[in-house]
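Here's the structure, in structure tokens; my notes come after.
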Amino acid sequence: MTAHGVAWGSLTTRLRDIAVKGHLPRKEIERVQRVFAGADPGLPRVLVVHHNVLRGEMSERMGLSRWRTAQQRIVAAGTDVVLCGHDHQEGAEMLDGKVAVSTAGTLSTRARGGRPVSFNFVTIDPAAVQVTFFRWDSSKQRFQPSDTAAFARRKALSLEPQAAR
């Protein structure tokens, strides 16, 4: 949804970012809102985008042009969780105190900062979102679970079955 290559919506005034930034078009987020509105109220609202929606720790860059607008749109859509990547560095944070953001590392040789390759395992339950990082342990030749971040969902859902509609 954000990975358009070089596109008008992704252009910025920084030449360094000409082919790096993505964008979140209004029509796309409106489509997402319709999908979310039609889904069962008990299901989590998960948005998957390529570009990081929060500033990368090592790159010190936002992945999206007009990122403030994109962040406002993501929150307004009722999103519970954003799954993203682009920066090749794992992370888990909250957007505006309302949306859990899981930023994936990489399973390629393009890991940054001498970090091991990694993937994120995301668990969503009615009350919380948990993101566990699995990092490659070369001495054991396998991925090992490491840190886990946990975030309360803004609308903790009841475990009671939904009434018939």
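Counting only residues that are open to solvent by less than 60 Å² (accessible area, probe 1.4 Å) and of a type in the set (Val, Ile, Thr), which one in segment 35-68 is farthest from Phe121 (Cα to Cα)?
So, considering only residues that are open to solvent by less than 60 Å² (accessible area, probe 1.4 Å) and of a type in the set (Val, Ile, Thr), the one farthest from Phe121 (Cα to Cα) is Val53.
Pairs please, first residue from segment 65-86 and under 22 Å from Val131 (Cα atoms), second anywhere and open to solvent by 20 Å² or more (accessible area, probe 1.4 Å) and in a helix (DSSP H, G or I), Cβ atoms under 8 Å, 6+ apart in sequence or on different chains.
These pairs meet every condition: Ala77/Gln33; Ala77/Phe36; Gly78/Gln33; Gly78/Phe36; Thr79/Phe36.
Quick check on segment 80-107: of everything there that is charged (D, E, K, R), at pLDDT 85 or above and over 24 Å from Gln141 (Cα atoms), which residue is surrounded by the most Cβ atoms within 10 Å (Cβ to Cβ)?
Per the criteria, the residue is Asp80.
Taking the condition of being under 11 Å from the mean Cα position of the chain (by Cα) and either hydrophobic (A, V, I, L, M, F, W, C) or part of a helix (DSSP H, G or I) (or both), how many residues in segment 72-88 meet it?
So the count comes out to 5.
The values are calculated or read from the model by the stated rules, or taken from the named source; none is laboratory data. All figures in this text were calculated on a predicted structure; none of them were measured in a lab. Glycine also receives a Cβ, built like all others from the backbone with ideal geometry; neighbour counts cover every protein chain displayed. Only protein heavy atoms, including side chains, enter the accessible area calculation; ligands, DNA and RNA are left aside. Shrake-Rupley method; radii C 1.70, N 1.55, O 1.52, S 1.80 Å.
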